[in-house]
């Protein structure tokens, strides 16, 4: 029997959400990173145009989508050499099921990390081992996750750090998968895809990306994988048997979304403007902001138990996430999401300054 799954962390946040809702002007929810800005109209139109979809989609993706992913990977990620691509039903399902699909027995996860890396290892009956970013200290394992820009910290790992991760995979003949879902939302950093660092040798290297935040398509469940052709072929074969297919209208919408960059630049500017409003207000309240130079979150601390900070904000009608959700090392930090409207962010700043 596998180890029991942890309690769903968001359930523990419910009492603080209730406290925030009791604020005279209502709750400002900066906890879950759920996009609130509209899906660009041209993407909505592509979905509508493909809504007459009586046939089953293919797991591998339409030729149109595969070409769009491949071109985007070369242009945006710097991918070279032989690589394959695969559409996903959102990135979370891949995070949760990859260890099972490739039959991993041991999985390395970042020591402060998205909880589903750990859950995915448990589902696979595998050992879950938290590690720092320095791959020179990593033990042997079947699979290692790296996440840059990081959720929750917004840390951007250097090219040298990522190269060490690649070298670890080479030495151990292990799979390295880079979760790069926030790569297109840099602020004061410059993110690099692992695909740009393989020198065209993509064996055992995978990268995953999501359109949830990039294109405000979280409700579409649209994501993608790029990397080792032989490994993706095995993953695709199992997914075909399991019926893991992205709906055809979503595939059509993905293709047009990946073919346009202007809407991504506009969305990045929105998130970064919200970051620049919130950070000074948090600092005035005694918070120290750490990393947070990319992605969709502010990672900060007042050098107290995270739940104390969560409670302090909830009294002001603002809901944040305790860093303990992401690992023991986050116990004194909180994560604040930038996924709220400009009006809500301005109101949060006003409450903090008050």
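The values are calculated or read from the model by the stated rules, or taken from the named source; none is laboratory data. Treat the numbers as computed from the prediction; the structure is a model and nothing was measured. Neighbour counts are summed over all protein chains in view; Cβ atoms, including those assigned to glycine, are modelled from backbone coordinates with ideal geometry.
General observations
- With respect to the conditions (1) part of a loop (DSSP other than H, G, I, E, B); (2) in contact with a helix residue (DSSP H, G or I) (Cβ under 7 Å, 6 or more places away or on another chain), residue 286 lacks only one, and its number is (2).
- Count of the range 7-51 residues which are assigned to a loop (DSSP other than H, G, I, E, B) and either under 21 Å from the mean Cα position of the chain (by Cα) or under 23 Å from residue 86 (Cα atoms) (or both): 16
- Residue match in the range 206-215 (condition: in a helix (DSSP H, G or I), at pLDDT 95 or above and surrounded by fewer than 16 Cβ atoms within 10 Å (Cβ to Cβ)): no
- Condition check for residue 279: under 22 Å from residue 180 (Cα atoms) and in contact with a strand residue (DSSP E or B) (Cβ under 6 Å, 6 or more places away or on another chain): no
- Filter result for residue 191 (within 20 Å of residue 65 (Cβ to Cβ) and not assigned by TED's automatic domain parsing to the domain that holds residue 276): no
- Restricting the range 218-243 to residues that are within 21 Å of the chain's Cα centre (by Cα) and surrounded by fewer than 19 Cβ atoms within 10 Å (Cβ to Cβ), the residue that is nearest to residue 70 (Cα to Cα): 221
- Residue match in the range 283-300 (condition: surrounded by 16 or more Cβ atoms within 10 Å (Cβ to Cβ), in contact (Cβ under 8 Å) with a residue 60 or more places away in the chain, under 23 Å from residue 6 (Cβ atoms) and touching a strand residue (DSSP E or B) at 6+ places or on another chain (Cβ under 9 Å)): yes
- Failed item in (1) touching a helix residue (DSSP H, G or I) at 6+ places or on another chain (Cβ under 7 Å); (2) closer than 18 Å to residue 32 by Cβ; (3) surrounded by fewer than 23 Cβ atoms within 10 Å (Cβ to Cβ), with residue 341 passing the rest: (1)
- Whether a residue is in the same structural domain as residue 179 (by TED's automatic domain parsing), within 24 Å of residue 261 (Cα to Cα), in contact with a helix residue (DSSP H, G or I) (Cβ under 6 Å, 6 or more places away or on another chain) and surrounded by fewer than 23 Cβ atoms within 10 Å (Cβ to Cβ) was assessed, and residue 49 does not pass this test.
- Strands (runs of 3 or more DSSP E) wholly inside the range 62-178 containing at least 2 residues that are crowded, with 21+ Cβ neighbours inside 10 Å, in contact with a strand residue (DSSP E or B) (Cβ under 8 Å, 6 or more places away or on another chain) and without any contact (Cβ under 8 Å) to a residue 60 or more places away in the chain: 106-110, 143-147
- Taking the criterion of being touching a strand residue (DSSP E or B) at 6+ places or on another chain (Cβ under 6 Å) and surrounded by 20 or more Cβ atoms within 10 Å (Cβ to Cβ), the residues of the range 301-316 that qualify are 306, 309, 310.
- Residue within the range 20-35 that is modelled with pLDDT of 95 or more, buried (at least 17 other Cβ atoms within 10 Å of the Cβ) and more than 30 Å from residue 309 (Cβ to Cβ) present: no
- Residue in the range 317-326 that is assigned to a helix (DSSP H, G or I), surrounded by fewer than 24 Cβ atoms within 10 Å (Cβ to Cβ) and touching a residue at least 60 places away in the same chain (Cβ under 8 Å) present: yes
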